[in-house]
Amino acid sequence: MGDHETSGPLLEVEDLSCEFLTEAGPARAVDEVSFTVARGETVGLVGESGCGKSATALALMGLLPHRAGRVAGGAIRFDGEEMLRLSEKRRRDLRGNRLAMVFQEPMTALNPVMVAGEQVAEVLRRHRDMSRKAAWEKTVSLFEDVGIPAPAQRVRDYPHQLSGGMRQRVVIAMAIACEPALLIADEPTTALDVTIQAQILELLRSLQLRTGLSILLITHDLGVVAQLCDRVLVMYAGQIVETAPVGALFEAPRHPYTVGLLRSMPRPGSGDRTRLPEIPGNVPPITARPTGCHFADRCDRTKARCQDHPPLLDALGPDHHARCHFPVTSPQD
Amino acid sequence: MSTKPQNAKTQNAETPPLLKAESITVEYPVGAGLFGHGGSLRAVVDVDLTLAAGECHGLVGESGCGKSSLGRALLRLTDVTAGRIEFEGRDITHLSTRPLRPIRRRMQMIFQDPQASLNPRFTVAQAVAEPLIIHRLAPNRAARSRRVLELLKDVGLDEDLAGRFPHELSGGQRQRVGVARALAVDPSFIVADEPVSALDVSVQAQLLNLLEDLRSNRNLAFLFISHDLRVVRHLCDRVSVMYLGRIVERADTATLFEAPQHPYTQALLRALPSLEPGAPATDRLTGEVPSPLDPPRGCPFHPRCPVTERPETCFDTPPGLTTCGKNHQVACYAHPQYPS
């Protein structure tokens, strides 16, 4: 596995579109999404339910539901390879190996009738051609790496014998077993309690420092993004509407949607018990997206142009882009 | 900065409380299978709670800590094993179904998942009319329809939505229907169990504003159950922190967030991811919540407690709440104010 490209971004997504079949015909869940993830970088993909963030992740993994969903266009280059042109066999070799994924609900990612350790060992045998004994020993050390106490005993536990936090650690152990270059984590802490969430975030951070892996973190939680990410992509109704380094995004967001999201979160000192600034209305359903700017109907800056001219993702500053005809210029704007 | 100068808690010196719960314990039988003479799971242990009219009391804690069981017990949706609940001046602890019915009108619940709590075959109008019919609150069909439209308006739903079914609504709209149903019977007390957790961030603020409007306009009291500390801080007057069935700390909201006294509360607040990028990672609480089936002897928090100098009692007897400041109680032997 030696000759991977070492220059250029690890992951390059270009104009990726995905469609799902709905009762009303094909609907575009992901609409010409482009972004990159550099080696060792953590990129946050933020948005609300139905914005296309999970569909993007599934497309990257080649795991869109068969028949119901498909990639409708674009390119995904991972480590120099064009993913969409790979054979299913080559993709399987990459998945769980160079490219791994952690899902929101660890119970559904684990086989309930197989002991936890065996599920990790299986990955090692499949991709690393290890003997049973070597794979099992490596599994115990992986359990230790992800902070599972008494790893030599826990490897023999079935998933239902483990707590939610421990299950997620097992899933992470499985994901990092083959030292992937990219870990896609889809809401990895959403199902967990806040003290356990803090432990898992800490684990991801330390894994990254130790192994230099890249992380694409998919979440709706801006707090998690602020803690873990270097760069952020904000998605709304199928499109990326803003991308920026994490500091710039929180300090000087430019897209009215990002501004609204950040404002609507209760914060200490923002005047407790006063009204929270709302974003009016609801996310448009996938089958009835506006023709112009997707956010136009909920935006307080909307002008006629927004209704019929779809805005482009324009560069507004160093590594900062927003899809808006009238981007916000200052916090008071 | 607060927009509400007169606060619920300042007026309760003379007026009797709306709700007064004393030493509530809730146990569930478990493991009573084929062979077992099963034991019991103590979901709530010896909890006191007093709410004034118009007060919003936050109840926070991690999953399995007993916060939902306590909320349900207060509404008599779950039987209490021990303790006493007084509501609007009346002991309701052991009331049977029939005398409880008029009281049920005064206490309502809003659930986390509006999708699961609405009948998929009822239109919005039917869903909101149902409690009016059950409690015979409208003399005739016309009055009922008028009342339904009023309620929809009160919760910010367009009357065009009256004929829609739950699956045709967004999550936020469904939760508004849940609120309208609760309001239909004119309650004075609402248990809101994670009412915004299932909603998208951009819609959460709308619902929180609605709840706050209801509280101030109708003088509704809320027990606001949530794991989201940001939301609790924003909305609540007072906060109780629960751990493994017990209240470990209780204080006015500002005090609790600015000067938490219990090591568990302190850890919870530290674990909340900051919205400031690059904020230094703080020390994390290790370990996990023990199983309520097999709670530790002594203080429920002692296996995870970061306090190094601890008295022996920690490992032996659970601490009760003790006053450690104005309107501030903590259950911790290691606290300097704890009587020895």
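The values are calculated or read from the model by the stated rules, or taken from the named source; none is laboratory data. Not measured: the values here are computed from a predicted model. Note: ideal-geometry Cβ built from the backbone for every residue, glycine included; neighbour counts use all protein chains shown. Quick note on the areas: whole protein, heavy atoms, side chains included, nothing else; ligands and nucleic acids left out. Shrake-Rupley method; radii C 1.70, N 1.55, O 1.52, S 1.80 Å.
Before moving on, here are some points about what is shown:
Listed here are the residues, each with its yes/no results for (1) basic (Lys, Arg); (2) more than 9 Å from chain A (Cβ to nearest Cβ).
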site	(1), (2)
B:270	yes, no
B:276	no, no
B:288	no, no
B:303	no, yes
B:306	no, yes
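- Some residue of segment A:57-68 being more than 18 Å from residue A:231 (Cβ to Cβ), open to solvent by 50 Å² or more (accessible area, probe 1.4 Å) and in contact with a Pro (Cβ under 8 Å, 6 or more places away or on another chain): no
- Residue that is touching a Gly at 6+ places or on another chain (Cβ under 7 Å) and buried (at least 18 other Cβ atoms within 10 Å of the Cβ), where the choices are B:324, B:236, B:332: B:236
- Residues of segment B:188-223 satisfying the condition of being part of a loop (DSSP other than H, G, I, E, B), in contact with a His (Cβ under 8 Å, 6 or more places away or on another chain) and at pLDDT 90 or above: B:194
- Among (1) within 21 Å of residue A:208 (Cβ to Cβ); (2) touching a residue at least 24 places away in the same chain (Cβ under 8 Å); (3) open to solvent by less than 40 Å² (accessible area, probe 1.4 Å) - the single one residue A:138 does not satisfy: (3)
- If you filter segment A:105-146 down to residues that are among the hydroxyl-bearing types (Ser, Thr, Tyr) and either in a helix (DSSP H, G or I) or under 13 Å from residue A:175 (Cα atoms) (or both), you find that the one that is modelled with the highest pLDDT is A:139.
- Test: residue in segment B:58-66 that is among the β-branched types (Val, Ile, Thr) and either farther than 28 Å from residue B:322 by Cβ or surrounded by fewer than 20 Cβ atoms within 10 Å (Cβ to Cβ) (or both): no
- In a residue-by-residue description of segment B:99-109, the property of being within 26 Å of residue B:29 (Cβ to Cβ), in contact (Cβ under 8 Å) with a residue 12 or more places away in the chain and among the polar types (S, T, N, Q) applies to no position.
Residue-by-condition table, conditions (1) within 14 Å of the chain's Cα centre (by Cα); (2) at the interface with chain A (Cβ under 10 Å from one of its Cβ atoms):
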position	(1), (2)
B:204	no, yes
B:208	no, yes
B:219	no, no
B:242	yes, no
B:267	no, yes
B:273	no, yes
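- Tallying residues that are closer than 13 Å to residue A:229 by Cβ, within 12 Å of chain B (Cβ to nearest Cβ) and either hydroxyl-bearing (Ser, Thr, Tyr) or assigned to a loop (DSSP other than H, G, I, E, B) (or both) within segment A:37-54 yields 1.
- The helices (runs of 4 or more DSSP H) falling completely within segment A:232-328 that include 3 or more residues that are within 11 Å of another protein chain (Cβ to nearest Cβ), open to solvent by 10 Å² or more (accessible area, probe 1.4 Å) and in contact with a Gly (Cβ under 9 Å, 6 or more places away or on another chain) map to A:246-251.
- Checking residue B:277 against (1) in a loop (DSSP other than H, G, I, E, B); (2) under 30 Å from residue A:251 (Cα atoms); (3) touching a Pro at 6+ places or on another chain (Cβ under 7 Å); (4) not hydroxyl-bearing (Ser, Thr, Tyr), the condition it does not meet: (3)
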